[in-house]
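See structure below.
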Protein chains: 2
Amino acid sequence: MSGKLLNSEPLYVQLRVALSRRIASGDWKPGETIPNELDLAKEYGLSAGTVRKALDWMEEAKLISRQQGRGTFVTDPASKEATRRFNRLREASGAILRVEAHMIAISTSPASKTEAARLDMEPQQHVTRMSKLASAQGRPIMFEQIAVPTDLFPMLAANEGAQSPCYDLLEFAQRSGVLIGRGDERISIGAAEGEVASHLGVTPGTPLIVLDRTIRTIENRPAEWRMAWCNLGPHHYLAELS
Amino acid sequence: MSGKLLNSEPLYVQLRVALSRRIASGDWKPGETIPNELDLAKEYGLSAGTVRKALDWMEEAKLISRQQGRGTFVTDPASKEATRRFNRLREASGAILRVEAHMIAISTSPASKTEAARLDMEPQQHVTRMSKLASAQGRPIMFEQIAVPTDLFPMLAANEGAQSPCYDLLEFAQRSGVLIGRGDERISIGAAEGEVASHLGVTPGTPLIVLDRTIRTIENRPAEWRMAWCNLGPHHYLAELS
DNA sequence: AAGTGGTCTAGACCACGCA
DNA sequence: GCGTGGTCTAGACCACTTG
């Protein structure tokens, strides 16, 4: 009984923002149902159709999933589906490539010029950096360098010393009340050098696929910048076109 | 005054199929407007809301574009936007990489095993094959081998001998009444060899990005299979994640 | 049988483009 | 000022899941 929808945006936009915040804040927990469409309509003083349109968008943004006859559920970032959301690596058969990742290093300090540019931050603001190595069937596949704005994920910096489990964007985003939206990835070829070559166990000069990825929040703020060097072997990267 | 919508699919699905056919058949030409929402509703005996939902999908599928106050337009496959739809190559700056392509060869014969598998055809059916070379700023960038089901694009095979302008999927699809939907692209690394190396002007063994792409019709039938070998230089491939 | 999301209707009014 | 698409409403009925 408390929805305030006042400004000039369409009501369904205001509503989806309001509902998204309630998910981000933990008001509705992952895996739980949210109130049904009629109850939401009553609560916010809207018609069912308007609520429906807001939920359509949230479903498209993967914040919720709806099942006829059962209800509307908050997407669980720890679920298998969600984990695969940004994993575009595939086996030759087309099957999703399951990788095991482990953390190599983590640190926090002011953003470099490049990091500030990629993460749309002021240079004096802090970023938390991580290195990870991902393996498939015991073979190192991908070396990753990740940078995130520290203010978005305070838990990460706080955990720095601890026996942190491997960083996963979607998991930390959920725990920090950050809602993840879309991203893009620049793909090119590079040669293995130094640290990258040694972690991947290849001779310097070996050609690698280089991934340069930025993922944004649903408000379109950059939430993660990652550079990854991949020695895919028989595997490949799958891009979808529409 | 003639819409027949009878079967058990939702009306908005039947309607979008019906309207899509009218576009494919040339009933409404690219760049032209289609009747307004109220007129379509009357013609098919539906409510405006149902028509709207069908048009939403068609807009999402890039068959039409809507402009408030002006009308609803059939997407022109020859337009700049459409041409860029499946072009994921970008300059270092992020700008779309404009390439000039020219045809190297074209022929038609029964599908190979691989082609039949990729294009979901029977092996005895015919495919039309083309080779293209794409250049940017005069430098060869990408060598392409394309295969399409001949029955989908009869004009292509008919034009074989002629001074054919460079093949463009979207253009031929329009002329053949085929509506293009989505696609996917497998990305990996390969080494330049033989014909590929010579066309690209690189020494054999040079690492290249290999693109293996299938594009489907809106009915999800494969319409084009392409293998492309890219010597991108400072450029890159841009994938979008959602 | 009760409760959920999914479809469909018939209207009203608003925002925009154009003559 | 008129015609277009965009938003919003209030209600009906259907399809599916669960107890």
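The values are calculated or read from the model by the stated rules, or taken from the named source; none is laboratory data. Predicted, not measured: the structure shown is a model, and the values here were computed from it. Cβ: placed from backbone, ideal geometry, glycine included. Neighbour counts: every protein chain shown.
Tell me yes or no: at least one residue of the stretch A:213-221 is among the aliphatic types (A, V, I, L, M), more than 9 Å from chain B (Cβ to nearest Cβ) and closer than 13 Å to A:Arg118 by Cβ. No, every residue in the stretch A:213-221 fails to be among the aliphatic types (A, V, I, L, M), more than 9 Å from chain B (Cβ to nearest Cβ) and closer than 13 Å to A:Arg118 by Cβ. Residues in the stretch B:165-204 that are at the interface with another protein chain (Cβ under 10 Å from one of its Cβ atoms) and among the small types (Gly, Ala, Ser) were compared, and the one that is farthest from A:Tyr237 (Cα to Cα) is B:Gly181. What do you reckon, is A:Pro35 outside the structural domain of A:Arg175 (by TED's automatic domain parsing) and modelled with pLDDT under 95? No.
Within the stretch A:172-188, can you find the residues that are of a type in the set (D, E, K, R) and surrounded by fewer than 17 Cβ atoms within 10 Å (Cβ to Cβ)?
A:Arg175, A:Arg182, A:Asp184
I'd like to check something: does the stretch A:169-178 contain any residue that is in contact (Cβ under 8 Å) with a residue 40 or more places away in the chain and touching a Cys at 6+ places or on another chain (Cβ under 9 Å)? Scanning the stretch A:169-178, I find no residue that is in contact (Cβ under 8 Å) with a residue 40 or more places away in the chain and touching a Cys at 6+ places or on another chain (Cβ under 9 Å), so the answer is no. Only strands (runs of 3 or more DSSP E) whose full extent lies in the stretch B:36-133 are considered here, and the ones with at least 2 residues that are among the β-branched types (Val, Ile, Thr) and under 22 Å from B:Ala24 (Cα atoms) are B:71-74. When the stretch B:35-78 is filtered for residues that are over 30 Å from B:Ile187 (Cα atoms), polar (S, T, N, Q) and in contact (Cβ under 8 Å) with a residue 12 or more places away in the chain, the ones remaining, listed by number, are B:Asn36, B:Thr50, B:Thr72.
So that you can scan it fast, the table gives a plain yes or no per residue for (1) more than 16 Å from DNA strand C (Cβ to nearest atom); (2) crowded, with 18+ Cβ neighbours inside 10 Å; (3) within 14 Å of chain A (Cβ to nearest Cβ):
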residue	(1), (2), (3)
B:Ala48	no, no, yes
B:Glu59	yes, no, yes
B:Ile64	yes, yes, no
B:Glu100	yes, no, no
B:Thr108	yes, no, no
B:Gln124	yes, no, no
B:Phe143	yes, yes, no
B:Ile146	yes, yes, no
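Selection of strands (runs of 3 or more DSSP E) fully inside the stretch B:142-242 by the criterion of at least 1 residues being closer than 26 Å to B:Arg90 by Cβ and in contact with a His (Cβ under 8 Å, 6 or more places away or on another chain) returns B:180-191, B:207-217. Applying the selection to the stretch A:11-41, what residues are among the basic types (Lys, Arg) and surrounded by 15 or more Cβ atoms within 10 Å (Cβ to Cβ)? Within the stretch A:11-41, A:Arg16 is the sole residue that qualifies. No other residue among B:Arg90, B:Arg22, B:Arg66 is in contact with a Phe, Trp or Tyr (Cβ under 8 Å, 6 or more places away or on another chain) and within 30 Å of A:Leu211 (Cα to Cα) apart from B:Arg90. Checked against the criteria, A:Ala41 does not count as more than 12 Å from DNA strand C (Cβ to nearest atom) and more than 16 Å from A:Leu170 (Cα to Cα). When A:Pro154, A:Pro204 are screened for being surrounded by fewer than 20 Cβ atoms within 10 Å (Cβ to Cβ) and touching a helix residue (DSSP H, G or I) at 6+ places or on another chain (Cβ under 6 Å), only A:Pro204 passes. When the stretch A:210-231 is filtered for residues that are among the aliphatic types (A, V, I, L, M) and either crowded, with 20+ Cβ neighbours inside 10 Å or not assigned by TED's automatic domain parsing to the domain that holds A:Gly183 (or both), the ones remaining, listed by number, are A:Leu211, A:Ile215, A:Ile218, A:Ala223, A:Ala228. Conditions: (1) touching a Ser or Thr at 6+ places or on another chain (Cβ under 9 Å); (2) among the charged types (D, E, K, R); (3) more than 23 Å from A:Arg213 (Cα to Cα). A:Lys53 meets all but one. Number of the miss? So the condition that A:Lys53 fails would be (1). Within the span defined as the stretch A:85-97, every residue fails to be within 25 Å of A:Leu170 (Cα to Cα), out of contact with any Leu (no Cβ under 9 Å at 6 or more places or on another chain) and within 16 Å of DNA strand C (Cβ to nearest atom).
Across the stretch A:21-38, the number of residues qualifying as within 16 Å of DNA strand D (Cβ to nearest atom) and among the hydroxyl-bearing types (Ser, Thr, Tyr) comes to 1. Taking the conditions exactly as written (more than 15 Å from DNA strand C (Cβ to nearest atom), of a type in the set (Asp, Glu), within 14 Å of another protein chain (Cβ to nearest Cβ) and free of Cβ contacts under 8 Å to residues at least 24 places away in the same chain), does A:Glu81 satisfy them or not? Spelling it out, A:Glu81 is indeed more than 15 Å from DNA strand C (Cβ to nearest atom), of a type in the set (Asp, Glu), within 14 Å of another protein chain (Cβ to nearest Cβ) and free of Cβ contacts under 8 Å to residues at least 24 places away in the same chain. For the stretch B:189-200, the criterion of being of a type in the set (Asp, Glu), in contact (Cβ under 8 Å) with a residue 24 or more places away in the chain and surrounded by fewer than 18 Cβ atoms within 10 Å (Cβ to Cβ) is met by at least one residue.
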